[in-house]
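S.K.: One structure, pasted below without further comment.
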Amino acid sequence: MLQLPRLYPILDPACFPDGREMFAAAEELAAAGITLLQYRNKQGTARQMLDEARELRSRLAPRVKLIMNDRADLCLASAFDGLHVGQDDLSPEAARVIIGPARWLGVSTHNPEELAEADKTSADYLAIGPVFATTSKANPDPVVGLEGIRRARELTHKPLVAIGGITRANARSVFDAGADTVAVISDLVRDPRKSAEEFLRVLG
């Protein structure tokens, strides 16, 4: 079974006013010891996303596994290691046909029903959230809380990624509730290396 690292940073260009800051942050995260990173861009054109993805790959591969959010075509074009899809994106099985059997595939879920359905697919890992209130999405789904993680843990044996409002202050409680990995956006933006190192200490 897939073994995910405990910290799963997500880089979104929207968090960085200067585009080059995102690449600097990526290198800082790698220097802190992260080994898995998702690139998520909800506003960019396909060309912009591909350029940024290729830049990330040139800077981080092969020491960091790179996951593309939403776009199976760009996952292939940028030679990323995997794809993460949401409930409104390609179905996991359609995505699997495109990316093939070797790349990692993750699926976002927001309640027990979605998670149980995703568990039946070829997805390598499942994400559940938002665990806490989050500002990283314009229209977030209802908060699932720590109880939502516990319930999700009962419903799958696949690696479980918790996402949404996770900080250094609450990350340990999320892990203790049954998550294998915490996905973090906002709490890694300021001083990425120091923040990531603190996360890794908290998560043991």
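Bear in mind that the values in this text are calculations on the coordinates, not laboratory data. It should be emphasised that the depicted structure is a prediction, and the values quoted were computed from it without experimental measurement. Quick reminder, even Gly has a Cβ in these numbers, built from the backbone with ideal geometry, and neighbours come from all protein chains shown.
S.K.: With unit charges on the beta carbons (Lys and Arg positive, Asp and Glu negative) and the dipole taken about the Cα centre of the chain, which residue among Ala183, Gly129, Ala196 sits farthest to the positive side?
M.R.: Ala196
S.K.: How far apart, in nm, are two points set 7 Å out from the Cα along the Cα-to-Cβ line at Asp176 and at Glu154?
M.R.: That separation, rounded to one decimal, is 2.0 nm.
S.K.: If you place +1 on the Cβ of every Lys and Arg, -1 on the Cβ of every Asp and Glu, and leave all else neutral, what size is the dipole of the stretch 7-202 about its Cα centre, to the nearest 20 Debye? Can you show the working numbers first?
M.R.: Values: 24 positive and 28 negative charges, 88 e Å.
Value, rounded to 20: 420 debye.
S.K.: Here's something else I'd like to know. Please give the length that would be gained between Ala31 and Arg54 if that part of the chain were fully extended, namely 0.36 nm times their separation in residues minus their C-alpha to C-alpha distance (nm, one decimal).
M.R.: On the way: separation 23, 0.36 × 23 = 8.28 nm, distance 1.91 nm.
Full extension of this stretch gives 6.4 nm more.
S.K.: If one computes the Cα centroid of the stretch 51-81 and of the stretch 122-158, what distance in Å separates the two points?
M.R.: Taking the Cα centre of the stretch 122-158 as reference, the centre of the stretch 51-81 is 24 Å away.
S.K.: Once the Cβ-Cβ distance between Gln87 and Leu200 is put in as r, and R0 is 30 Å, what FRET efficiency do you end up with, to the nearest 0.05? Show your work: numbers first, answer last.
M.R.: Values: r = 30 Å, r/R0 = 1.00.
Approximately 0.50, to the nearest 0.05.
S.K.: Here's something else I'd like to know. Using a Förster distance of 25 angstrom, determine the FRET efficiency expected from the C-beta separation of Lys42 and Thr167, and round it to 0.05.
M.R.: On the way: r = 22 Å, r/R0 = 0.87.
Given R0 = 25 Å and the Cβ-Cβ separation, E is 0.70.
S.K.: Would you pull out the residues with amide H under 5 Å of Ile128's amide H, same chain only if 5 or more places away, H placed 1.01 Å from N?
M.R.: Result for Ile128 returns Thr109, Val161, Ala162, Ile163.
S.K.: Continuing with the same structure: Amide H to amide H under 5 Å from Leu36: which residues, 5+ apart in sequence or cross-chain, H placed 1.01 Å off N in plane?
M.R.: Residues meeting the amide H criterion: Lys65.
S.K.: Run the quick spin-label model on Ala102 and Ala116: label points 7 Å from Cα toward the beta carbon, then report their separation in nm to one decimal.
M.R.: With each label placed 7 Å out from Cα toward Cβ, I get 3.7 nm.
S.K.: Per-residue ellipticity at 222 nm for the chain, helices alone: DSSP H runs ≥ 4 residues times -39500 (n - 2.57), over residue total, nearest 500 deg cm²/dmol? Could you put the intermediate results ahead of the total?
M.R.: Values: 8 runs with 79 residues, N = 204.
Helix contribution divided over all residues of the chain: -11500 deg cm²/dmol.
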